[in-house]
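Just below is one structure, and these are the notes that go with it.
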Amino acid sequence: MDSEYVVRLLTPHDAAEMPDLALQVYGEGYFHREVFDPGELLKMNAERKLTSAVGVDKTGRVVAHAALERPNLERFAKLGEAMVLAEHRNANLLGRIGIVLVQAALDQRVVGLYGEAVTHHVYSQKAAERYQSTPTGIRFGAWSLAGFKLDNFPQRLTPIVYFKYLTSAPKKILYVPDNHRALAREIYGRLGSEIEFGDARSSDSDGEVTFRYDADQRAGLIAVIYPGRASVRQVIQATRSLIDESGAEAVFVDVMIDEPSAPQVCLELERAGFFFSGIQPHVNEDRDLLRLQIERKPIDLKLVETASEFARTLLDYIARERDRIAR
């Protein structure tokens, strides 16, 4: 079946076909607007803010696409904008495209790749597994259905977070709550990263917390940049603002775990109703984070599909944490 398709980096001819592919897969509401504008898509590729690869069938039609996203030429690239026409999803095109993009990332001296794969089907997860990316977290209900052509799907979409180092994984000291250390060690072991857990201690400063509202996904995103004695209060205030004023349907809190005060903040947030959602290495300004979340619209996990044994292990772990915090 591989011989029926050509997988390559984007050409001007391919760019001209991208609006039709995006329209068929996602509809008019897809939030990556550049895929509907061939000129802008080519410009972003020329600047390496985006590196697109496509799958082309034997008629020359573009039937699949994915890209490296580096809007600020970051050292870590996000693998996204994945789309495949439904009738071609069994051809493993995203896996083949992923291999092309990994090579492009190596050529650009990118340090690592991360991305989010959907769970209402497993094709994008299988693609991530094919280029040996590791699941590190699952964000329950992170995405709005807007921009996805899913008839009668009853709930917000849940992506799995994947990560892969392209260079030697660094040794690091991290500050993780005791109850999540076993899972953290397994995740980093799968990434080939040697870690040591540091001793937690409280902070004398108030810390620093930022937050923003993602209108496309109707989600709140909070970052505990420097965990401190005021962090939990600041997170709770930000959560109320995101829900009551902005209408957020899910809220995620990223706590940087290179600070000794991180474990205490994480544990206090769990007591306040937030549950563990995963770990993400190195992406936020080269700092690792532990992610927690709070649901506004409960997610039925029977509708969440996983493609690998470890992804299922991660899903079961986060589900247990959600149930534990809810009690």
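The values are calculated or read from the model by the stated rules, or taken from the named source; none is laboratory data. In this text the structure is predicted, and so the values were computed from the model without any measurement. Don't worry about glycine lacking a Cβ; one is built from the backbone with ideal geometry, like all the others, and counts go over all protein chains shown.
Note on the range 154-167: among residues that are without any contact (Cβ under 8 Å) to a residue 60 or more places away in the chain and in a loop (DSSP other than H, G, I, E, B), the one that is nearest to residue 110 (Cα to Cα) is 167.
Of the residues making up the range 167-190, those that are at pLDDT 95 or above and either within 26 Å of residue 214 (Cβ to Cβ) or among the aliphatic types (A, V, I, L, M) (or both) are 173, 174, 176, 180, 182, 183, 184, 187.
Listed by position, the strands (runs of 3 or more DSSP E) enclosed by the range 168-252 that each have at least 2 residues that are of a type in the set (Val, Ile, Thr) are 208-214, 219-226.
Out of the residues in the range 262-287 that are acidic (Asp, Glu) and without any contact (Cβ under 8 Å) to a residue 40 or more places away in the chain, state the one that is farthest from residue 326 (Cα to Cα). By that ranking, first place goes to 285. The set of residues from the range 234-284 being buried (at least 19 other Cβ atoms within 10 Å of the Cβ) and at pLDDT below 95 comprises 280, 281, 282, 283. Among the residues making up the range 1-13, those that are modelled with pLDDT of 95 or more and either within 26 Å of residue 150 (Cβ to Cβ) or not in a helix (DSSP H, G or I) (or both) are 5, 6, 7, 8, 9, 10, 11.
Within the range 288-318, being within 19 Å of residue 164 (Cβ to Cβ), surrounded by fewer than 17 Cβ atoms within 10 Å (Cβ to Cβ) and in contact (Cβ under 8 Å) with a residue 60 or more places away in the chain holds for 308, 310.
Looking across the range 1-19, the residues that are among the acidic types (Asp, Glu) and exposed (fewer than 13 other Cβ atoms within 10 Å of the Cβ) come down to 2, 4.
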